[in-house]
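One structure below.
The values are calculated or read from the model by the stated rules, or taken from the named source; none is laboratory data. Keep in mind it's a predicted model, so treat the numbers as computed, not measured. Every residue, glycine among them, receives a Cβ derived from its backbone with ideal geometry; neighbour counts consider all protein chains shown.
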Amino acid sequence: MVSDEETTADETADEETPAQNVDAEPTVDTDDDRSAAPSAERYGAIVTDVQGSAAPSAGRESVLHTDAEGYLEVASAAQADGFDQLIDLTAVDYLAFAAPRGLPQGHDEERFEVVTALINHESGERIRIRVQVSADEPALPSVFDLWPGSEALEREVFDMFGIEFGDHPDMSRILMPEDWIGFPLRKDYAVGSIPVQFKAASNIR
Amino acid sequence: MTAERVLRRGHDSAVLRLSEAEAAEIGNDPDTPVDDERVLLNMGPSHPSTHGVLRLMLEMEGETVLRSKPVVGYLHTGMEKQAEQLTYLQGPTNVTRMDYAAPLFSELAFSLATEKLLEIEVPERATWIRMLMCELNRMSSHLLFMATNGMDLGAVGMMIYGWREREEVLRFFEMVTGLRMNHNYIRPGGVAADLPDGWEDEVIRLLDITAPRLDEYDVLMTGQPIWRERLQGVGVLNSDEALALSATGPLLRSTGYAWDLRRHEAYLAYDEIDFDVIVGTYGDCYDRYAIRLNEIRESMKIVRQIIDKMPAGDYRVQDKKVTPPPRVRIDESMEALIHHFKIFTEGYKVPVGEAYASVESPRGELGVYIVSDGTSTPYRMHVRGPSFINLQTMPHLMKDGLIADGVAIISSVDPIMGEVDR
């Protein structure tokens, strides 16, 4: 993703404005700072289009950028606007990411990013909410009360990345054993560092 | 209709939110009275009706299931982590092992996501071959469901019949891809090989065999009073609840909600095909059974249209960046040999960015989210497994039902544990 060349799409995605126009707009860090141009904002989050999206879904898919504080507000606004189903919720650990991240300029980059995909069945539109989550405090509010289908997905993100979802009904590991130490999908969790349970054969000739 | 019951958090919820450690503590504390009426029962992970290694923690009162918790992870092998080590060319080999009953769909979703990042368009014939193979795969997956659903409910003969018909499809897969399962056939840029000579005859033979046998299923199951008694009104979900729980596929359609990505987000060339989206009415196990049975018929209808419309041309994109040279060129050209070697050892670089592509798998929306950092391996690859997410409906479907109905419900959700645990 090339952030400098990134374009932003407005809600109808009919016209696109270069991201440079948006550079001056404040990011969604504080509640009162939402006065950016409406073409680049939605539910109080900065909107960008999906790069490389194929023709059938073009204009029907957009990306919203926010952070841990703005997340719940963006999510509830999206639900109120007709996004009736949570399709996917996952996370990315950007610890070892060398390339530009494709975030709108001025938007703080954090180590973790939780990606929540929503769908509006009425209009057939999809949005992706990319939430920046800091490494010091890997926590986010849960969207269980909006879409209870997030329960297993949030547990999976907790299990794999150690991001805790506040007010989740059952914040526990789901795929790994309950007493597992470490978070496998983090980039500093090495592949194959698990001690093998087999013992060396005693009768080696 | 309301989704209120799936939003509950406390003891009145259908979901048993109890950890292993807490469960082990029950009855150990002499000061806390034990509820004699309620029993915690483990079903699985190794149980004939749990389709692999699903374990259910059930809170029972007599034979009635109160709360339950699907315990998963027994098949977790870190395939998403593994994907970060494999090149985009090796990617389909990895994802094809997730949903082993419908492997081509995982390959397709992975390839579509990669192609979005590469911004390449696959040739028309490749698109139609993909569609043909996926619809046949939908048939084989649903036939497997017919077999296991029959077996779970006591129609043991059905197991053999379903397997028999599925094998016909797999035989065709073997002819095209070389393997019955885990094909690695759909790859970024197209498919691995063109269809063999005489494939039309083989597919028509397959369809001609299957059609009358589906009618036999109707005699054996659909119209049978015992079959109906076992399934009708069992495991009921309404549309709002299904949407709230992120359920997709036959599970969502059984509630009367017409949503099929082939129709509503027509990928591949589904907009040029005439087919019906099958929906249910009551959202019970019977509807889910009937939807899958009729989806086999729809898939057969689609396959017949594909045979008529199959275009000529390339089966993979002629982009030297992603496509290895033809086998014959390797013998005569050193450059072709180097090119071939480079593609299979280093792979090809994929532009920086992230992409999500989804397809309608037999179990629901199968999505692949790839984040690329410009190298030849994905920086992160996530699979939205419909089995994993649909599993969340299970406690709600089982609540206040009998344990025998629980078997019917597990079967009708049709989870593939390879995809649940990844």
Here is a list of conditions, (1) in contact with a strand residue (DSSP E or B) (Cβ under 8 Å, 6 or more places away or on another chain); (2) without any contact (Cβ under 8 Å) to a residue 60 or more places away in the chain; (3) over 24 Å from A:R173 (Cα atoms), and B:D373 meets all of them except one; can you say which number that is?
-> (1)
For A:A75, are the conditions met, namely being touching a strand residue (DSSP E or B) at 6+ places or on another chain (Cβ under 8 Å), modelled with pLDDT of 90 or more and more than 12 Å from chain B (Cβ to nearest Cβ)?
-> yes
From the list B:E295, B:E272, pick out the single residue that is within 14 Å of chain A (Cβ to nearest Cβ) and either of a type outside the set (S, T, Y) or touching a His at 6+ places or on another chain (Cβ under 6 Å) (or both).
-> B:E272
Where a residue in the stretch A:159-171 is within 10 Å of another protein chain (Cβ to nearest Cβ) and its partner, wherever it lies, is basic (K, R), with Cβ under 6 Å and at least six apart | A:D159/A:R173; A:P169/B:R9; A:P169/B:R17; A:D170/B:R17
Sole exception among (1) loosely packed, with under 15 Cβ neighbours inside 10 Å; (2) free of Cβ contacts under 8 Å to residues at least 24 places away in the same chain; (3) in a loop (DSSP other than H, G, I, E, B) for B:T77, by number | (2)
Per the filter on the stretch B:341-372, residues within 12 Å of chain A (Cβ to nearest Cβ) and among the basic types (K, R) are B:K349
Picking from A:I181, A:I174, the residue that is in a loop (DSSP other than H, G, I, E, B), over 13 Å from the mean Cα position of the chain (by Cα), aliphatic (A, V, I, L, M) and away from chain B (no Cβ under 12 Å) would be A:I181
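Just to check your reading of the model, which residue among B:Y379, B:Y356 is crowded, with 24+ Cβ neighbours inside 10 Å, at pLDDT 90 or above and among the aromatic types (F, W, Y)?
On the way: B:Y379 fails: crowded, with 24+ Cβ neighbours inside 10 Å.
Going through B:Y379, B:Y356 in turn, just one is crowded, with 24+ Cβ neighbours inside 10 Å, at pLDDT 90 or above and among the aromatic types (F, W, Y): B:Y356.
Name the single residue, out of those in the stretch B:17-30 being assigned to a loop (DSSP other than H, G, I, E, B) and away from every other protein chain (no Cβ under 11 Å), that is nearest to A:P169 (Cα to Cα).
Restricting attention to the stretch B:17-30, the residues satisfying the condition of being assigned to a loop (DSSP other than H, G, I, E, B) are B:17-19, B:26-30.
Keeping just the survivors that are away from every other protein chain (no Cβ under 11 Å) gives B:26-30.
Values: B:I26: 20, B:G27: 24, B:N28: 25, B:D29: 25, B:P30: 28 Å.
Across the stretch B:17-30, the extreme among qualifying residues is B:I26.
Here are B:G249, B:G235: which of them is surrounded by 22 or more Cβ atoms within 10 Å (Cβ to Cβ), touching a Gly at 6+ places or on another chain (Cβ under 6 Å) and among the small types (G, A, S)? Talk me through it step by step, then tell me what you get.
Values: B:G235 fails: touching a Gly at 6+ places or on another chain (Cβ under 6 Å).
None of the other options fit; the residue is B:G249.
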Residue check for B:A14: under 20 Å from B:D405 (Cα atoms) and within 13 Å of another protein chain (Cβ to nearest Cβ) | yes
So B:N94 clears everything in (1) under 24 Å from B:E168 (Cα atoms); (2) assigned to a helix (DSSP H, G or I) except one condition, right? Which one?
-> (1)
